[in-house]
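Quick notes on the structure that follows.
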Amino acid sequence: MPYQLLTFANAKDEVQRLSTNWRTLLDAMPEMVFLLHDDGSVQYMNRSAKACFGDPCPQSVHESLREIGKNSRDILHTLSASANNSPATEAIITSTPVEYSAVPFVGYAGENLIMLIMRDITQRKNYERELLQFNTSIENILEQKISELQASEEMRLRLSRQINSLKSQLGHYHKADKMAGRSRKMRELREMIHQVSGSDATILITGESGTGKELVANLIKATSSRDDKPFLKINCNAINDSLLEADLFGYEKGAFTGAQSRKVGKFEVVDGGTIFLDEIGDISPRMQVALLRVLQNGEIIRVGGTEPVKIDVRVIAATNVDLAQAVKEKKFRLDLYYRLNIINIDIPPLRERKEDIVELVSHFVNHYREAFKKEIDFVPKSTINRLLSHDWPGNVRELENLIQRAVLMAKGKMITENDLIFDQDPSATSPQRTDSFDIDEKIGSRALKTIVADFEATVIQRVLHKSRGNVSTAANQLKIGKTALYDKIKQYGISAKTIKQTNKNG
């Protein structure tokens, strides 16, 4: 045999040996390993991957792997040259929670592949759920033990102290707490609620529309000593002024046409309990006087009556109106403002706690996919980035409305940027607030790198709006290359297509 043919045969055998060796090595790994082409198709699966997802794997698995491969390429593209693999990322493939990392891989033919190293984290997620269930039930367990040990006052007091300690360690968790979010601002909000709810002091809840003032009122009542007493909610803005007075304080027979008999008002009905007065900033001067009497003297006078009636009611009020400004404008009584503002709980707007958006999205997606019978199991990072870049003038209510629409409109098993239809802010002069950037608000709560990145994203959005979504024009105005601008648009989750469409509609 000629020497060249012998050398070629030896090389071929060596390649075959190496191929067999690395395949044997990958098959021995407990982690799942996938090799993906540029188009997302699977070139290779090791034994663990086949055992988990089947061989061949279903179309739904292919779709999820294709999206994961696309996101992994984007991440590897943005990483520095020294980084040879992407950070560990969690995802859900069909119903299986996984954690994966991606590394670039060159095939024998020189093709550029992506190697996914993936592990099934179902057991870890089960442990986390079990721990959460344990945390949520531990208070009930301790309270049951307290009732069984009533014979020993010393033991009862000791267990009560343990409950309070556990509440503090668990971040003041309570079964009535329906607020999503574990940011610093939300932890401080929960801490304040639990600190003041035990008293009978009047509480004023302030915050922008859509921040969840009613959820705060519910938690205050549930963690107070009046939890087992009546609880009524009144929207002061939804009832005519004269009807509101009769509804709250009742009326005597003959007080007005149609008053055939005495009627007890809401304050008397809820005696001993709690009343929540929403939109308190919109009540009339006449109602302000009547409410001041309740807060000062603990008594009401029925419409058409002359005798005061003593009541014991804890008042929680809420408003999105700046009452201090309303006092300056002579629209709200100063003495009533002081009576209401004994304890003020101010709810932060969503734009000041954007770290809670991912948890809120997960909560709303889970809720509405069950309500609409949709199989949504994946929200891409690009979609999350788009949500994080929005200013949320409508706060949590706006986010809930958007996710509700997105789940309903989604055609596949994931929510894409095309499914996001943002509400228009009626108070804004442009479709979206993209040109405001409060540096003082961010100093002290965010790192310099994050502040600079936020500022850069704001500038890019503003220029894109001015150029009506034209990336070439925006790149010229910013004096950077078009490719570099596209990279930054992708990095910050900005949608030039959405901006272009918004300008067309506007």
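Points to keep in mind about this one:
- Additional length obtainable on full extension of the chain from Gln59 to Thr94, 0.36 nm per residue less Cα span: 11.6 nm
- Ala259 paired with Ile443, simple spin-label distance in nm, labels 7 Å along Cα-to-beta-carbon: 5.9 nm
- Mean separation of Cα contacts under 8 Å (6+ apart) over length of segment 241-395, as relative contact order %: 20 percent
- Calculated FRET value between Ala326 and Gln195, using beta carbons and R₀ = 25 Å, to 0.05: 0.35
- Leading residue at positive end of dipole, segment 344-412 (Cβ point charges), from Ser389, Ile345, Ala406: Ala406
- Residues whose amide H comes within less than 5 Å of that of Ile205, counting only those at least five positions distant or on another chain, are Ala317, Ala318, Thr319, Ile345 (H built at 1.01 Å from N in the peptide plane).
- Segment 182-242 and segment 55-121 have their alpha-carbon centroids 45 Å apart.
- Per residue, the solvent-accessible area of segment 457-496 (1.4 Å probe, heavy atoms of protein chains only, all protein chains present) comes to 53 Å².
- Under 19 Å from Lys330, Cα to Cα: aspartates and glutamates that are on another chain or at least 8 residues apart: Asp241, Glu279, Asp282, Asp322
- Filtered trypsin sites (Lys or Arg not before Pro), segment 268-347: DSSP coil and at most 10 other beta carbons within 10 Å: Lys330
- Remark: relative contact order (segment 245-295) = 27 percent; criterion is Cα-Cα distance under 8 angstrom and separation of 6 or more residues.
- DSSP-loop chymotrypsin sites (Phe, Trp or Tyr not before Pro) across segment 57-138, with at most 13 other Cβ within 10 angstrom: Tyr108
- Spin-label pair Asp228/Glu375, simplified geometry with 7 Å Cα→Cβ offset, distance in nm: 4.8 nm
- Inter-label distance, nm, simple model (7 Å from Cα along the C-beta direction), Arg23/Asp38: 2.5 nm
- Selection of chymotrypsin sites (Phe, Trp or Tyr not before Pro), segment 212-280, meeting DSSP coil and at most 11 other Cβ within 10 Å: Phe256
The values are calculated or read from the model by the stated rules, or taken from the named source; none is laboratory data. These numbers were taken from a predicted model, which means no experiment stands behind them. Don't worry about glycine lacking a Cβ; one is built from the backbone with ideal geometry, like all the others, and counts go over all protein chains shown. Note: accessible area is taken over every heavy atom of the protein model, side chains too, but ligands, DNA and RNA are not part of it. Shrake-Rupley method; radii C 1.70, N 1.55, O 1.52, S 1.80 Å.
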